[in-house]
Amino acid sequence: MDFQKPIVQIIKERISVRSFDKKKTDEAAFKKLEEYINKVNEEAKTKLRFLLTDKREDSGSPEKLGTYGIISGAERYIIGVLDKDDRDDVELGYLFEKIVLCATGLGLGTCWLGGTFKRSDFEQVAKLQENEHIPIVSPVGIKKEKTGLVNKMMRAGAGSDKRKPWNELFFEESAETPLTEDAAGAYKTVLEMVRLAPSASNKQPWRVIRVKNEYRFFVCRNEGYGVSSYDLQKNDLGIAMCHFELVAEELGLSGVWVKEEPENMPEQWEYIATWLAAD
Ligand SMILES: Cc1cc2nc3c(=O)[nH]c(=O)nc-3n(C[C@H](O)[C@H](O)[C@H](O)COP(=O)(O)O)c2cc1C
């Protein structure tokens, strides 16, 4: 088993951790996490890779892996690297979240960082090849009991304790009719775990429309989250798909991902993928 606890429990427990306790460690947990990262690297369909840095051992690593004061006490980081040409931002989000959930299950804290980190520091540690880019990193370690002021400000700024209600995220047949929790049936928990997913600035751009046995995933973009060197909102859809698939699997609900853009597209949403439920 890849995860140490039920995935629903892990998803409920995960929260962004920005203050780490340098004095505490759990080497067995880090070893398991590293093994899992290696496994995920093998699973990748595009040319992306993940690595776990350890500032304490890696003599080539810079003194500081800069996060503009957002993260304190972290000595290890998970780094996501993608190829600029063979690039799939949804896949990177999907796989990085698997690693985050594995870390959470092992009792380690994480915090997705897509903006507040100093790329050049991390590029040096990751020994970046030509054509590679680092879109995402996350500190990983033991959470400090007391969280700092910066964390409180970041949480308040993004409204991190809140999620959009069901009727803004999940729909039946078309984008006009909300899907209720009762009507979701066996998929109620699966969708609820999508709702609890982390997203960049907590924008929650995921939208799902159920049409018979199809769960169609779309991104509803926020202004200012443009597509330049990395599409953070596509990344968020990858996170949502990760939660959806892992929870469905845990609940014994089988299905497959397909990519077939529907004919009637909701205005202003962009299609990502469809989960074709077997039952
Ligand atoms: C793709 C992505 C990028 C993020 N980038 C940052 C970041 O640069 N700095 C930061 O402090 N938090 C960042 N976050 C954390 C989000 O603000 C956080 O996940 C969200 O507010 C929900 O809070 P929670 O993770 O505690 O549930 C990022 C999250 C995601 C998914």
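Figures for the structure shown
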quantity: Helix-only CD estimate at 222 nm, as mean residue ellipticity for the chain, using -39500 (n - 2.57) per DSSP H run (n ≥ 4); calculated: -10000 deg cm²/dmol
quantity: Computed FRET value (nearest 0.05) for R119 with K39, which takes r as the C-beta separation and R₀ as 22 Å; calculated: 0.25
quantity: For the chain: span of alpha carbons on each principal axis (Å, largest first); calculated: 55, 39, 36
quantity: Total charge dipole magnitude, the range 7-152, about the Cα centre, Cβ charges on Lys, Arg, Asp, Glu only, Debye to nearest 20; calculated: 760 debye
quantity: Within the chain: Cβ-based charge dipole about Cα centre, in debye rounded to nearest 20 (Lys, Arg +1; Asp, Glu -1); calculated: 1400 debye
quantity: Point-to-point label distance, L51-D85, nm (Cα→Cβ direction, 7 Å offset); calculated: 2.1 nm
quantity: Neighbour-limited loop hits for GluC sites (Glu not before Pro), the range 195-279 (at most 16 other Cβ within 10 Å; DSSP other than H, G, I, E, B); calculated: E223, E260, E263, E267
quantity: Cut-off 14 Å between beta-carbons: net charge of the residues surrounding V211, Lys and Arg +1, Asp and Glu -1; calculated: -3
quantity: With at most 13 other Cβ atoms within 10 Å, longest stretch of the chain clear of loop trypsin sites (Lys or Arg not before Pro) (DSSP); calculated: 163-211
quantity: Cα-Cα over 29 Å, subset of K98/K146; K24/K64; K164/K234; K5/K212; calculated: K5/K212
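No lab work stands behind these numbers, since they all come straight from the coordinates. Because the structure is a prediction, the values reported are computed rather than measured. Ideal geometry is used to build each Cβ from the backbone, glycine not excepted, and the neighbour counts take in all protein chains shown.
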